[in-house]
Amino acid sequence: MTVATRFKSGRTGTGDAYVSDHSGSPHARFMRLTSYALAPLGALSAWWILGLAGKSFDGVRAEIGRPIPALVLLAFGVVGMIHARKGMDDIIEDYVQDQTLKAWAFLANLWASRAIAALWTFAILLIAAPK
Amino acid sequence: MADADTDRLAARRPLSPHLTIFKPILTMMMSIAHRITGAGLYVGMALLTLFLLGAAIGGGAFSAVSWIASGFIGNLIVLMIVWAIFHHLLGGVRHAFWDRGLYMDPQGRELLAQGTLVGGILLTLLFYICKTLAS
Ligand code: HEM
Ligand code: HEM
C-alpha cells in the first residue's frame with residue numbers, strides 16, 4: 001500500500017505522488033507464508049471439492065462429513081480467505097484509480113472475505129460436527 | 001508549468017503495460033493467469049460457501065444451491081475451481097523457486113512457466129480420473 005503526500009510529481013501532478021509506507025515486503029512475505037500452508041491444504045481440498053460434483057444431499061454430507069475432510073476444508077477456507085483478502089487488496093490497489101472507490105473496495109473486500117470464511121466454517125461445522 | 005498543463009500532459013502519457021503492443025510471452029501469460037485464478041478462486045470460494053450452506057441447512061436450501069455442483073454448469077464450476085487451485089498452487093511453487101533465485105535463466109523460467117500451465121491441467125485430469133475410478 002502507498003500513501004498520498006503533497007509531493008509534486010511531474011507524472012501525476014500535485015498531491016498525487018506516492019511514497020512507500022514500507023508495507024510491501026511484509027505483504028509479500030505474508031503471501032508466501034500462507035501459501036506454504038495452502039499448498040498441501042489446497043491439493044487435499046481439491047480432492048474433496050471434486051467429490052462434491054453431481055452428489056445428492058446425502059452424498060455431499062457423506063463426502064465432507066468425516067473429520068479429516070472437514071478439518072482440512074475448514075483450514076483451507078479460513079487460511080485461504082485471509083490470503084485471498086490480501087491478494088485482492090493488491091488487485092484493487094493496481095486497478096481501482098479513484099481514491100474514494102478504492103477505499104470502499106478495500107472495505108468491501110475485508111468484509112466479503114470475512115463473511116466467506118465465517119459462513120464456510122459455519123456450514124462445515126453444521127455438516128460435520130458430532131451430534 | 002501550470003498544474004492544469006501538467007495534469008493534461010500526464011493524462012495523455014501512455015500507461016504501461018501496453019496490452020496491444022507487447023508480444024504475449026508465456027511467463028507473462030502465466031503471471032497474468034496467477035492473478036486471474038486468484039480472483040477466480042475468490043468467486044469460487046463464495047459459490048462453494050453458498051453450496052455448503054445449502055448442504056448444511058438441507059431441504060429447500062439445498063435444492064436452491066445444488067446447481068453450483070451438479071448438472072453441466074455445476075460440474076463445470078467444480079472442475080474450474082479444481083483447475084484454478086492447481087494452476088494457482090503451481091504458480092505459488094514457481095514463485096517459491098524464483099524467490100530463492102532458482103530457474104531464473106531463459107530456459108529455467110520458460111520451463112517453470114510451461115510446468116505451471118501443463119501441470120495444472122494434468123493434475124486436474126489426474127484427480128478427475130482417480131475420483132471417477134474411486135466412486
Ligand atoms: C492452493 C494454494 C495456494 C497457493 C500455493 C497460493 C500462492 C500464492 C502466492 C505465492 C501469491 C503471491 C503472488 C505474487 O506475489 O505475485 C498468491 C496471490 C494470490 N492468491 Fe493465492 N495461493 C493459494 C490459494 C489461494 C486461494 C484459495 C485463493 C482465493 C480464495 C487465492 C487468492 C489469491 C489472490 C487473490 C492473490 C493475488 C493475486 C495477484 O496479486 O496477482 N490463493 N497466491
Ligand atoms: C498484456 C500486458 C500485461 C498485462 C495484462 C500484465 C499484467 C500483470 C499482472 C496481473 C501482474 C501482477 C501479477 C503478479 O505479480 O504475479 C503483473 C506484474 C508485473 N508485470 Fe505485467 N502485464 C503485462 C505486461 C508486462 C510487460 C510487457 C512487462 C515488462 C516489460 C511487465 C512487467 C511486470 C512487472 C515487473 C510486474 C511485477 C510488479 C510488482 O511486483 O508489483 N508486464 N503484470
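Starting from the 7 Å offset along Cα-to-Cβ, what nm value, one decimal, do you get for the label separation of B:LEU111 and A:ALA103?
For the pair B:LEU111/A:ALA103, the computed spacing is 5.0 nm.
Taking the convex hull of the alpha carbon atoms in the stretch B:26-134, what volume per residue do you get, in Å³? Intermediate results must be reported in sequence, preceding the final value.
Values: hull volume 12.7 nm³, N = 109.
Output value, Cα hull per residue: 116 Å³.
Assigning unit charges at the beta carbon (Lys, Arg +1; Asp, Glu -1) and nothing else, what dipole magnitude in debye, to the nearest 20, does the protein assembly as shown show about its Cα centre?
Values: 22 positive and 15 negative charges, 59 e Å.
With only Lys, Arg, Asp and Glu charged at Cβ, the dipole is about 280 debye.
Suppose only helical runs count, i.e. DSSP H with n ≥ 4. What mean residue ellipticity at 222 nm does that imply for chain B under -39500 (n - 2.57) per run, divided by all residues and rounded to the nearest 500 deg cm²/dmol? Each step should come with its number before you reach the end.
Numbers: 5 runs with 106 residues, N = 135.
The per-residue figure over chain B is -27500 deg cm²/dmol.
Hey, rough spin-label estimate for B:VAL43 and B:MET104, points 7 angstrom out along Cα→Cβ, what's it come to in nanometres?
3.5
For A:LYS55, give me every one of the lysines with a C-alpha distance below 16 angstrom, ignoring sequence neighbours fewer than eight places off in its own chain.
Cα-Cα hits under 16 Å: B:LYS131.
Expressed as an acute angle from 0 to 90° and rounded to the nearest 10, what is the orientation of the C-alpha long axis of helix B:106-134 relative to the principal long axis of chain B?
With both axes taken from Cα atoms, the answer is about 10 degrees.
Please compute P(r) over all alpha-carbon pairs of the protein assembly as shown, binned at 5 Å starting from zero, and give each bin as a whole-number percent.
The distribution over the protein assembly as shown is 1, 5, 11, 14, 15, 14, 12, 10, 7, 5, 3, 2, 1, 0, 0, given as percents.
Going Cα to Cα from A:LYS86, which lysines come in below 16 Å? Please leave out same-chain ones fewer than 8 positions away.
Answer for A:LYS86, where 16 Å is the Cα cut-off: A:LYS102, listed by chain and number.
Just to confirm my numbers, what's the Cα centroid distance between the stretch B:64-105 and the stretch A:17-79 in Å?
Using only Cα atoms to place each centre, the spacing works out to 11 Å.
Please rank B:HIS88, B:HIS95, fewest neighbouring Cβ atoms within 10 Å first, as an exposure proxy.
Ranked by crowding around the Cβ, least crowded first: B:HIS95, B:HIS88.
None of the figures in this text is laboratory data; all of them are computed from the coordinates on show. Keep in mind it's a predicted model, so treat the numbers as computed, not measured. For neighbour counting, all protein chains shown are included, and Cβ atoms are generated from backbone atoms with ideal geometry for every residue, glycine included.
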